[in-house]
Amino acid sequence: MEYSKKYLLSLKHSQPKIMKFQGFYFSISFIGLVLADFTEPNHSDFPDWGSVDRFTPDHLVKMKNMNGAVVSPNKSKLVYSQCVYESTKASMGCNLRFIDLNQGYESAYDLTQFDVGKYDTFPIWINDNLVAFISSDKTSPDNISAVSIVDKSVKVIKEVDGISGILYSSIAKKIAFTTPVFKGMSPEESSKESERIAQSPYTGVVYDKLPARNKDSWVTDKKTQLFTVDLNIVDNSLEISETPINVVEKYTGEWGLEPTSYSFSPDGKNILFTAKIQESDESWINRDGVFTVRVDGSDSPTLLNTLFQGSALSPVYSPDGKYIAWLQKIRRGYESDKNRIILVDVEANEQKRIASNWDKSPDLIKFSDDSSKLYLRTPFETDTALFSLDLKSEDFKRMTDAGSVNYFKELEPDSILVTIATFKHPETVFILNTTEGGKIKQVNFENSEVLDKVWLSHADTFWFTGALNQKVQGMVLYPYGFNPSKKYPVALLIHGGPHKSSRDDWEHGLNANIFANQGYLVPIINFHGSDSYNKDFTDSVVRNWGSYPYEDLMKGLDFFLESAKYADRENVVALGTSYGGYMANWINGNTQRFKALVTHAGVFNLNSFYYSTDELFRAEHDIGIPWDENEKQALENFNPEQFVYSMKTPTLVIHGELDYHVPITEGISTFTALQRRNIESRFLYFPNDSNGIYNLNSLLQWYSEILGWIGKHTDVDVWKLQV
């Protein structure tokens with residue numbers, strides 16, 4: 001079961017402002033970019049501490065988690081899936097919620113019934129009164145179901161094992177979905193074959209090429225394929241009329257093309273999708289194709305991005321059918337490359353890059369309803385902002401203020417529905433008016449009962465001179481009970497990637513406000529390698545993992561501690577996950593300035609990591625090839641294992657058995673090295689989790705161990721898991 005890891009709070013209100021940006025001018029209708037002075041925090045930013053409670057992991061897991069928001073065809077209604085954790089049953093469930101956008105939150109109600117162990121997800125509109133979705137429970141795990149807005153009647157339409165990502169075309173009268181199948185088999189035949197294999201006394205599996213593992217699973221002969229099926233509307237419900245058709249089955253390349261994002265053409269005749277191209281070297285030179293295929297599967301998929309060798313994402317048709325656009329990386333195997341915007345004139349069959357001087361890297365695009373512009377979700381410093389791009393003038397305009405945008409949908413030319421999360425709230429729905437100074441209206445309030453009662457710190461941002469004498473950005477969150485005349489311990493949070501950024505967003509893992517509410521100042525540094533600044537900044541850490549990021553972290557921490565008189569500079573801990581866990585290991589071998597460290601899913605030995613990770617293409621590009629004499633030295637220079645003799649800091653090591661990005665042996669090796677050298681250490685092992693901790697029961701234990709560890713070494717009383 002997948003669920004969104006993001007949540008939401010309100011955007012900051014704003015005034016018009018003009019900024020110059022890489023040769024373009026774009027107007028910004030907000031003031032969220034104004035920097036607060038963290039050296040003298042504004043007293044008005046803090047409450048009467050007796051009126052608010054601490055925000056704890058108990059609150060975090062109980063937050064209602066929105067996922068899969070979709071607007072009706074007439075743009076007056078909203079449906080989304082909402083997942084809720086029931087602590088008394090230590091389990092979760094998801095149901096569908098409905099809001100009439102014209103009436104507001106007073107019209108909100110449960111469209112499907114909530115129950116623990118029942119999951120209603122991936123809603124899509126069939127018409128303005130009928131919603132299809134994927135339903136799952138203990139007795140019936142994977143179904144296409146439908147619910148009527150008129151009478152809330154629910155009907156199971158078809159069971160499809162492993163179904164995901166349903167999509168509907170009213171013109172084609174078809175639903176598209178993906179599900180894993182064996183070559184040449186239907187979903188039903190593949191389910192039977194899986195049962196036969198499971199009953200076989202022979203359990204050995206043979207591999208002839210990489211990858212053997214992916215994310216948290218071993219690769220099998222079942223591949224996720226894209227299917228379409230005819231759909232009829234009968235008495236305000238649905239009927240599927242025939243056997244699903246595998247529309248990618250006739251692909252002429254190596255079998256196993258697995259579509260990811262996909263959309264119907266406006267005329268309903270084709271489907272546009274991306275898929276990783278299966279080749280003998282796919283594990284170490286990743287490449288994604290953009291394809292079109294007939295909705296009836298009558299022809300083989302046609303590859304569109306033949307001019308490029310890199311990965312591609314977010315392919316979309318313009319509503320008028322004249323254009324196709326997608327985001328494209330240029331170099332093959334270069335996953336941290338900038339995403340360029342490709343525009344195709346369908347009739348002329350001409351492709352071109354647009355806005356090529358823009359140095360940001362959007363990760364999701366959609367056309368406006370009149371096909372005159374693109375909306376681009378784009379990492380931008382400490383936000384994930386929504387921009388618009390006029391296709392004629394190639395002028396950009398930033399649409400949203402502070403926070404991280406997830407879903408967006410144009411309602412009117414001057415009105416956009418967006419879902420946004422910040423440090424102060426999980427993902428929430430807003431309607432943005434683009435012509436009234438960025439006026440924004442909150443739509444749903446499911447989490448207000450909790451959010452209104454607890455302390456959730458905002459983040460003040462700051463800049464300092466870091467590696468390469470370049471400006472680097474940081475943030476700081478403030479502790480519960482903050483009084484600038486006192487001193488507070490410091491918990492430095494280190495983001496993963498390294499080609500990611502810490503943003504004004506809501507997270508389950510390393511949620512900054514969890515640590516702030518335990519009494520810590522929480523500085524966060526977007527060190528070199530972070531992806532929301534520019535390409536050179538991102539690329540600077542290639543074959544350089546331990547250099548500039550470490551320098552930025554140390555300089556940024558020094559700048560913060562020297563500037564913030566309320567910081568206890570002798571009482572500092574650091575925590576990191578994934579690449580952040582690598583950096584915690586690197587820190588341990590290069591400085592003794594921290595009272596304690598936490599390394600989750602951290603790389604310990606770059607050599608063993610290279611030979612065991614499922615993402616060989618990332619390892620080869622970022623750290624180099626151990627057996628290549630021209631690259632081996634750079635790899636060894638930044639290998640934490642080479643500095644075990646210098647490690648002295650007490651460390652909590654955490655790892656999940658199903659982490660195939662950074663395999664479990666890296667965590668075991670870290671713990672072994674620390675124990676063998678008699679360094680105070682503790683190992684937290686999760687047998688059923690992967691690179692992240694997505695099981696909320698595990699997450700509570702995760703926070704309890706982390707807070708207990710840093711609390712012990714900073715002399716802070718912290719939240720503990722009640723068992």
For the chain, longest principal axis from Cα atoms; helix 548-563 axis from its Cα atoms; angle between them, nearest 10 degrees, is 60
What base-10 log of the normalised intensity I(q)/I(0) is obtained for segment 476-622 from the Debye formula, alpha carbons as equal point scatterers, at q = 0.08 Å⁻¹? -0.22
Sorted by Cβ density within 10 Å, fewest first, the residues 40, 193: 40, 193
Under 8 Å for C-alpha pairs, at least 6 residues apart: give me the relative contact order for segment 459-714, rounded to a whole percent. 17
Per the Cα gyration tensor, segment 55-159 corresponds to an equivalent ellipsoid with semi-axes, largest first in Å, of 23, 19, 10
How high is the relative contact order of segment 55-159, in percent, counting Cα pairs under 8 Å that sit 6 or more residues apart? 18
Student exercise, segment 246-353 dipole from Lys, Arg, Asp, Glu Cβ charges, in Debye to nearest 20: 400
For the chain, averaging the sequence separation of alpha carbon pairs under 8 Å that lie six or more residues apart and dividing by its residue count, the contact order in percent is 11
Taking max minus min of the Cα coordinates of segment 255-297 on each principal axis, largest first, gives extents in Å of 38, 16, 10
Only loop residues by DSSP count here, and only those with at most 11 other Cβ atoms within 10 Å; note down the trypsin sites (Lys or Arg not before Pro) in segment 378-441 that meet that. 392
Per-residue HN-Hα couplings for segment 256-263, Karplus 6.51 cos²θ - 1.76 cosθ + 1.60 at θ = phi - 60°, whole Hz, x for Gly and Pro? x, 4, 10, x, 10, 6, 8, 8
What length, rounded to one decimal in nm, is gained on full extension from residue 721 through to residue 570, with 0.36 nm per residue of separation minus their alpha-carbon distance? 51.6 nm
re segment 314-452: pairs of Cα atoms spaced beyond 22 Å account for a percent value of 42
Could you tell me the extents of segment 531-617's C-alpha atoms along the three principal axes, largest first, rounded to whole Å? 45, 30, 18
For the chain, size of Cβ-based charge dipole, Lys and Arg +1, Asp and Glu -1, in debye: 1000
Sequence ranges 276-283, 559-566, 126-133, ranked by mean other-Cβ count within 10 angstrom, highest first: 126-133, 559-566, 276-283
Could you work out, for segment 335-406, what percent of all Cα-Cα pairs fall into each 10 Å distance bin, beginning at 0 Å and stopping at the bin that holds the largest distance? 18, 53, 25, 4
Among the GluC sites (Glu not before Pro) within segment 597-706, which fall in a DSSP loop and have no more than 15 other Cβ atoms within 10 Å of their own Cβ? 657, 680
Counting helices only, and only those DSSP H runs with n ≥ 4, report the 222 nm mean residue ellipticity of the chain as the sum of -39,500 (n - 2.57) divided by its residues, in deg cm²/dmol to the nearest 500. -4500 deg cm²/dmol
Separation of the residue 646 and residue 202 label points, Cα + 7 Å toward Cβ, nm: 5.3
Placing +1 at every Lys and Arg Cβ and -1 at every Asp and Glu Cβ, with all other atoms neutral, what dipole size does segment 471-594 have around its Cα centre, in debye to the nearest 20? 200
For residue 302 and residue 678, extending 7 Å from Cα along the Cα-Cβ vector and measuring point to point gives, in nm, a value of 7.3
Contour minus Cα-Cα distance for residue 414 and residue 433 (0.36 nm per residue): 6.3 nm
From the phi of every residue in segment 282-291, what ³J(HN,Hα) in whole Hz does the Karplus formula 6.51 cos²θ - 1.76 cosθ + 1.60 yield, where θ is phi - 60° and glycine or proline is x? 4, 6, 10, 9, 6, 8, 10, x, 9, 10
Would you please put 570-576, 327-333 in order of how densely packed they are, using the mean number of other Cβ atoms within 10 angstrom per residue and starting with the highest? 570-576, 327-333
Cα extents of segment 74-118 along the three principal axes, largest first (Å): 38, 17, 12
Violations at 30 Å Cα threshold for listed pairs 329/409; 89/439; 453/535; 373/555; 276/352; 441/471 -> 89/439; 453/535; 373/555; 441/471
With Rh as the Kirkwood radius over Cα pairs, the chain has Rg/Rh of 0.95
Subtracting the Cα-Cα distance of residue 558 and residue 103 from 0.36 nm times their residue separation yields 158.7 nm
Give the long-range amide H neighbours of residue 126: residues separated by 5 or more places, or on another chain, with amide H under 5 Å away, using H modelled in the peptide plane at 1.01 Å from N. 131, 132
At what distance in nm do the modelled label points of residue 239 and residue 630 sit from each other, each positioned 7 Å from its Cα along Cα→Cβ? 6.6
Just order 194-207, 485-498, 534-547 by mean Cβ neighbour count inside 10 Å, highest at the front, would you? 485-498, 534-547, 194-207
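Laboratory data are not the source of any read-out in this text; all were calculated from the coordinates shown. Note that this is a predicted model, so its numbers are computed, not measured. Positions of Cβ are backbone-derived with ideal geometry, glycine not excepted, and every protein chain shown enters the neighbour counts.
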